[in-house]
Amino acid sequence: MKIYNSLSGQKEEFKPAGEVVKIYVCGITPYDDSHIGHAMSYVIFDVVRRYLEYRNFKVKYIQNFTDIDDKIINRANRLGIPAKELADRFIERYFRDMDSLNIRRADSYPRVTEEIPEIIKVVQGLIDRGHAYQAGGSVYFRVKSDPDYGKLSHRNPEGISGDTAEENKESALDFALWKASQEGEPSWESPWGAGRPGWHIECTAMALKYLGTTIDIHGGGEDLVFPHHENEIAQSECYTGKKPFASIWMHNGMVQLGKEKMSKSLGNIIPIKDLLNIHSADAIRLFIINSHYRSPLTYSEEGLDAAEKGLERLRQAALKNTDSATNQSEINITDYRQRFITAMDDDFGTPQAVATLFDLAREINKGREEHRDISQAQQTLTELANILGLTLAKKEDALLEANPFIELLITLRNDLRAAKQWQLADKIRSSLTELGIILEDSPQGTTWKSKK
RNA sequence: GGCGAUGUGGCCAAGAGGUUAAGGCGGGGGUCUGCAAAACCCCUAUUCGGCGGUUCGAAUCCGCCCGUCGCCUCCA
């Protein structure tokens with residue numbers, strides 16, 4: 001099994017260091033609703049985890065919440081509520097969105113504000129080793145003390161301008177590990193006075209605490225490569241003296257909205273909850289995994305509609321019952337399963353894995369027409385879809401208050417049909433269609449569904 | 001400006017030296033139906049941004065050009 005490693009820029013054979021595959025994925029800063037970009041990232045790492053488990057790896061999956069930072073503080077102050085209350089609110093919403101998307105929960109979700117002692121320990125350790133220094137009430141990481149700095153983002157430190165806003169620093173490249181407390185901000189006591197953690201240090205502290213000095217896979221969005229992950233590597237490796245901090249760095253591409261990246265700073269965000277009002281979770285997932293995780297994903301309504309339609313085919317193939325088989329020839333499930341595995345083993349080739357699902361669906365449909373026994377093939381289709389986090393569950397039609405009246409009209413119309421009063425029967429059907437109720441006649445009777 | 005991606009049919013999207021260029025949507029044809037709808041089946045790129053080069057052979061490798069995007073500041 002091969003995985004592309006951002007650190008080396010190549011696909012590498014995946015071999016976890018121990019019995020359990022240790023995965024750390026950067027989580028969110030909870031100050032606003034989660035959007036499609038988050039959905040993409042976490043769906044992808046959910047698939048990574050599910051697939052590894054399918055391949056009989058044991059997985060420990062940790063994801064953090066950066067629940068204290070400038071954006072949270074500013075937003076909370078504007079709303080006149082404590083930072084913790086704001087973070088709690090959006091963490092709760094985050095879980096609701098992710099659960100809706102059928103994303104399995106991580107084994108643990110450490111929060112920065114609950115890991116302060118661990119963070120202080122790491123910062124102190126970095127000072128002791130000469131990799132960090134105190135200035136004012138803050139502590140900064142000394143970038144020039146790390147000869148490896150830049151290895152993940154493939155940059156030369158000389159080519160990085162750095163942030164010159166904080167004037168106590170030895171160098172513009174240095175970044176805060178601990179920030180001195182300011183008026184109106186939550187703070188914690190530390191050997192350097194009251195303050196709060198800098199942005200990158202929490203991931204180092206949490207990864208070390210929950211997973212140990214070497215993790216197998218570290219994931220996140222491509223936009224985190226620099227500076228976040230670069231700084232994380234520097235801190236972690238300088239602190240433990242052990243390399244690599246993470247064996248494989250996986251980064252997913254960005255969601256594009258039209259021609260630009262969707263991001264909070266550009267304000268062009270589509271919240272997951274809005275999307276879930278229109279599309280099924282399965283369709284959103286299919287839309288995401290239908291292209292490769294490292295490529296940018298362009299959001300489009302058409303794309304989601306297409307995913308919804310395609311998904312319906314898979315559902316039909318997997319769920320639709322068949323008459324008793326009279327034809328003994330079976331579908332060769334092994335071939336499809338093998339294709340699926342081959343695709344996924346090559347850096348999580350979900351587009352090809354999905355293509356395999358569609359091919360299997362066609363084979364099932366053909367088999368059904370030929371009265372072959374398709375039950376095993378259907379089971380396989382569902383099983384493989386599940387690995388991608390697709391449930392293929394039947395859509396539940398919402399119960400409408402008009403329900404009994406629709407049933408009444410259908411009965412009436414069927415009486416008219418029996419009497420071959422086609423014109424009147426069709427009028428009922430077309431009138432209902434205009435109201436968003438679609439009738440479908442079949443040998444088993446008439447069914448209806450709302451258009452939505 | 002520096003670093004890095006990427007350009008494949010109407011749209012989305014795989015493939016990365018060699019039999020017929022995956023798959024989805026759309027479109028066309030058909031089965032079923034009183035007619036529809038739904039569902040299913042079949043068909044739908046001699047060609048891979050442009051121009052050169054390497055090779056017996058290139059969408060796949062090399063060079064140049066054109067276009068698009070990301071990162072270099074907070075971001076999944």
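The values are calculated or read from the model by the stated rules, or taken from the named source; none is laboratory data. Just so it is clear, the structure is predicted and the values come from calculations on it, not from any experiment. Note: ideal-geometry Cβ built from the backbone for every residue, glycine included; neighbour counts use all protein chains shown. Side chains included, ligands, DNA and RNA excluded: accessible areas come from the protein's heavy atoms. Shrake-Rupley method; radii C 1.70, N 1.55, O 1.52, S 1.80 Å.
In the condition set (1) open to solvent by 50 Å² or more (accessible area, probe 1.4 Å); (2) modelled with pLDDT of 95 or more, residue A:373 is compliant with all but (2).
Among the strands (runs of 3 or more DSSP E) confined to region A:170-288, the ones with at least 1 residues that are touching an Asp or Glu at 6+ places or on another chain (Cβ under 6 Å) and surrounded by 19 or more Cβ atoms within 10 Å (Cβ to Cβ) are located at A:246-252.
Screening residue A:347 on (1) away from RNA strand B (no atom under 11 Å from the Cβ); (2) touching a residue at least 60 places away in the same chain (Cβ under 8 Å); (3) not polar (S, T, N, Q) shows it passes everything except condition (1). From the list A:273, A:261, the one residue that fits, being of a type in the set (Lys, Arg) and within 10 Å of RNA strand B (Cβ to nearest atom), is A:261. Which one is nearest to residue A:122 (Cα to Cα), of the residues in region A:213-242 that are charged (D, E, K, R), away from RNA strand B (no atom under 15 Å from the Cβ) and in contact with a Ser or Thr (Cβ under 9 Å, 6 or more places away or on another chain)? Among them, the one singled out is A:242. Counting the residues of region A:86-129 that are open to solvent by 30 Å² or more (accessible area, probe 1.4 Å), acidic (Asp, Glu) and over 20 Å from residue A:199 (Cα atoms) gives 4. Residues in region A:1-42 that are among the β-branched types (Val, Ile, Thr), more than 25 Å from residue A:234 (Cβ to Cβ) and near RNA strand B (Cβ under 10 Å from one of its atoms): A:36 alone.
Answer yes if at least one residue in region A:319-332 is within 11 Å of RNA strand B (Cβ to nearest atom), at pLDDT below 95, open to solvent by 70 Å² or more (accessible area, probe 1.4 Å) and outside any strand (DSSP E or B), and no otherwise. So far as region A:319-332 goes, yes, one or more of its residues are within 11 Å of RNA strand B (Cβ to nearest atom), at pLDDT below 95, open to solvent by 70 Å² or more (accessible area, probe 1.4 Å) and outside any strand (DSSP E or B).
Of all the criteria given as (1) within 35 Å of the chain's Cα centre (by Cα); (2) acidic (Asp, Glu); (3) surrounded by fewer than 15 Cβ atoms within 10 Å (Cβ to Cβ), the one not satisfied by residue A:345 is (3).
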